[in-house]
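Here the structure is laid out as structure tokens; the discussion comes afterwards.
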């Protein structure tokens, strides 16, 4: 496990990539998206970079549309992809919860919940009858076909955060959030109607991390992933058939293992990414195996560093804690 000073170094590495606007791109001169931006803001807050975290929250407040929508991708100059990914829209609540957990101003959190309330209304308004959500809307707010398993599980985590915020901070209404969360969790557990993305590691572990599967099913899912995607070095391949292990997926899988109480697996997964750590606290996005060279070449990504910070926070919480539980336990 990294020391708190080492985690602060990683948060500082994220802060160095932040643009003057407050946006946190994936890496220098790359695009960004509100989901990974929010994850990075959460890591900034947890790593003691509260001023940078507040600038990140302010960027979200500045780009959200009047109806609560976020575009899928942004550049420093503006919108890159105007499509509206509902998981991307829902996830910024994690940054707000982390802000409060790290000692940020409650008044600031409530101010950001005011715009997030519009976002949540937009998202919940598109829940389907079977509990799923369309993965995205076109710029005209028309639903696109298909639901994503990993994205839906991340939305469960976001709804957990929104429910906590509603109960503890006000502004949001807990009842509709909890109902939507329950319906979505049941749909993921039933596992019907989702696009087949099992070639991607996150489709295996995200439902485990979200806590929506029965214990036996969750154990089977994680075991199946390890059999198919875990390298001898301990890291996970991002795509099962591609010889590329990644920091973010490995750190997130560590959180999923912790959620199941698999302490040894969780710690081993998280420890394995330290070979991808740079002296300044940043993390390479991934490496090609067995050659060991970085891919994308030379890239250290903010979302990879953020996943490591959040995973360390979860692994310091009681076993079986999920992400939101780990955050609020320290608030």
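How about the range 293-324: which of its residues are outside any loop (DSSP other than H, G, I, E, B), surrounded by fewer than 24 Cβ atoms within 10 Å (Cβ to Cβ) and either out of contact with any helix residue (DSSP H, G or I) (no Cβ under 9 Å at 6 or more places or on another chain) or free of Cβ contacts under 8 Å to residues at least 60 places away in the same chain (or both)?
The answer is 294, and nothing else.
Looking at the range 276-288, which of the residues that are surrounded by 17 or more Cβ atoms within 10 Å (Cβ to Cβ) and in a loop (DSSP other than H, G, I, E, B) is nearest to the chain's Cα centre (by Cα)?
Across the range 276-288, the extreme among qualifying residues is 285.
What residue, of 128, 122, 172, is part of a loop (DSSP other than H, G, I, E, B), in contact with a strand residue (DSSP E or B) (Cβ under 9 Å, 6 or more places away or on another chain) and in contact (Cβ under 8 Å) with a residue 12 or more places away in the chain? Step through it out loud before you land on a result.
Working: 122 fails: part of a loop (DSSP other than H, G, I, E, B); 172 fails: in contact with a strand residue (DSSP E or B) (Cβ under 9 Å, 6 or more places away or on another chain).
From the options 128, 122, 172, the qualifying one is 128.
List the number of the failed condition for residue 74; all other conditions in (1) surrounded by 21 or more Cβ atoms within 10 Å (Cβ to Cβ); (2) touching a residue at least 60 places away in the same chain (Cβ under 8 Å); (3) touching a strand residue (DSSP E or B) at 6+ places or on another chain (Cβ under 9 Å) hold.
(2)
What number of residues in the range 216-237 are touching a helix residue (DSSP H, G or I) at 6+ places or on another chain (Cβ under 6 Å), in a helix (DSSP H, G or I) and in contact (Cβ under 8 Å) with a residue 24 or more places away in the chain?
Qualifying residue count, the range 216-237: 4.
Determine which member of the set 51, 42, 11 is under 17 Å from the mean Cα position of the chain (by Cα), part of a helix (DSSP H, G or I) and farther than 24 Å from residue 297 by Cα.
On the way: 51 fails: under 17 Å from the mean Cα position of the chain (by Cα); 11 fails: farther than 24 Å from residue 297 by Cα.
Within the list 51, 42, 11, the selection yields 42.
Looking at 189, 163, 154, can you tell me which residue is touching a helix residue (DSSP H, G or I) at 6+ places or on another chain (Cβ under 9 Å), part of a helix (DSSP H, G or I), without any contact (Cβ under 8 Å) to a residue 40 or more places away in the chain and under 22 Å from residue 99 (Cα atoms)?
From the options 189, 163, 154, the qualifying one is 163.
Considering every residue within the range 64-74, establish whether at least one is more than 26 Å from residue 164 (Cα to Cα) and either modelled with pLDDT of 95 or more or assigned to a loop (DSSP other than H, G, I, E, B) (or both).
Checked the range 64-74: at least one residue is more than 26 Å from residue 164 (Cα to Cα) and either modelled with pLDDT of 95 or more or assigned to a loop (DSSP other than H, G, I, E, B) (or both).
For residues that are in contact (Cβ under 8 Å) with a residue 60 or more places away in the chain and touching a strand residue (DSSP E or B) at 6+ places or on another chain (Cβ under 8 Å), tally how many sit in the range 1-31.
6
The values are calculated or read from the model by the stated rules, or taken from the named source; none is laboratory data. Source: prediction; values computed, not measured. As a convention, Cβ positions derive from the backbone with ideal geometry for all residues, glycine included, and neighbour counts pool all protein chains shown.
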